[in-house]
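Student: To start, I am sharing the structure in question, which I have written as structure tokens.
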Amino acid sequence: MPRAAGDELVDVVDDEHRVVRQATRREMRAQRLPHRSTYVLVFDGRGALFVHLRTATKDVYPSHWDVCVGGVLAAGESFDDGAARELGEELGVSAPLERLFPFTYADAVTVVHGMVYRTTHDGPFRFQAEEVVRGEFVPVDEIAERAMRESFCPDGLRVLARYREERR
């Protein structure tokens, strides 16, 4: 029988990204434990970025727009496998993934040691109902302005800012 989402095991990591123990996802969130996650920037063939609205039931940043597909890795899961899994779960597609850069983010609710990827896919997508309300492709230059009016996941916005800096 599959575990409930809060009972899934995740790796807890130290500042050097080494696994130090495992905890349930619920414990990781409640204690703000550092963990591993993936971030996938999904572009269409014209270069617009896919953004999606997270469900109100998400355990972090509910009802926020996100510029990245991805999520917490399962215990023992590699970044590459996790990125591919998340793309399949959230959008219902598979596509070649380009590994870009490691990414660390911390705020009052989360501490993440992640890996950022990029892919191109024009859809159509099959959204995972538990995670994604809706989504759309947005020109990258319009995202910062939109983020001033609507709630966006702050870690995803940081990923996008770094991606854009590195592309300059």
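The values are calculated or read from the model by the stated rules, or taken from the named source; none is laboratory data. No experiment lies behind these values; they were computed from the predicted model shown. All Cβ positions, even for glycine, are placed from backbone atoms using ideal geometry, and neighbour counts span all protein chains on display.
Student: Among the residues of the stretch 7-26 satisfying the criterion of being hydrophobic (A, V, I, L, M, F, W, C) and farther than 28 Å from Tyr163 by Cα, which is surrounded by the most Cβ atoms within 10 Å (Cβ to Cβ)?
Tutor: Step one: filter the stretch 7-26 for residues hydrophobic (A, V, I, L, M, F, W, C), giving 9-10, 12-13, 19-20, 23.
Okay, now just the ones that are also farther than 28 Å from Tyr163 by Cα, so 9, 20, 23.
Working: Leu9: 15, Val20: 12, Ala23: 19.
Among those residues, the one meeting the criterion is Ala23.
Student: Then there's this: Select from the stretch 27-48 the residues that are surrounded by 15 or more Cβ atoms within 10 Å (Cβ to Cβ) and out of contact with any strand residue (DSSP E or B) (no Cβ under 6 Å at 6 or more places or on another chain) and write down the one among them that is farthest from Glu142 (Cα to Cα).
Tutor: This residue is Glu27.
Student: Within the stretch 49-85, restricting attention to residues that are acidic (Asp, Glu) and in contact with a Phe, Trp or Tyr (Cβ under 9 Å, 6 or more places away or on another chain), which residue is surrounded by the most Cβ atoms within 10 Å (Cβ to Cβ)?
Tutor: Here is the first cut: in the stretch 49-85, the ones acidic (Asp, Glu) are 59, 66, 77, 80-81.
Now drop any that are not in contact with a Phe, Trp or Tyr (Cβ under 9 Å, 6 or more places away or on another chain), which leaves 66, 80.
Numbers: Asp66: 25, Asp80: 13.
That would be Asp66.
Student: Would you pick out the residues in the stretch 121-168 that are β-branched (Val, Ile, Thr) and surrounded by 15 or more Cβ atoms within 10 Å (Cβ to Cβ)?
Tutor: Correct list: Val132, Val138, Val140, Ile143, Val159.
Student: When you scan the stretch 63-168 for strands (runs of 3 or more DSSP E) that lie fully inside it, which ones turn up with 3 or more residues that are under 30 Å from Ala23 (Cβ atoms)?
Tutor: Ranges flagged: 69-72, 98-106, 111-120.
Student: Then there is this: Assess whether Arg99 counts as being at pLDDT 95 or above, surrounded by 16 or more Cβ atoms within 10 Å (Cβ to Cβ), of a type in the set (D, E, K, R) and over 17 Å from Arg54 (Cα atoms).
Tutor: Judged against the criteria, Arg99 is not a match.
Student: I need a count of the residues in the stretch 107-123 that are over 14 Å from the mean Cα position of the chain (by Cα) and among the hydrophobic types (A, V, I, L, M, F, W, C).
Tutor: 2
Student: From the list Val51, Val12, Val40, which residue is touching a Gly at 6+ places or on another chain (Cβ under 6 Å), in contact (Cβ under 8 Å) with a residue 12 or more places away in the chain and part of a strand (DSSP E or B)? Explain how you work it out, then say what you get.
Tutor: Numbers: Val51 fails: touching a Gly at 6+ places or on another chain (Cβ under 6 Å); Val12 fails: touching a Gly at 6+ places or on another chain (Cβ under 6 Å).
Exactly one residue qualifies, and that residue is Val40.
Student: Of the numbered conditions (1) in contact with a Phe, Trp or Tyr (Cβ under 8 Å, 6 or more places away or on another chain); (2) without any contact (Cβ under 8 Å) to a residue 60 or more places away in the chain, Val116 satisfies every one except a single condition; which is it?
Tutor: (2)
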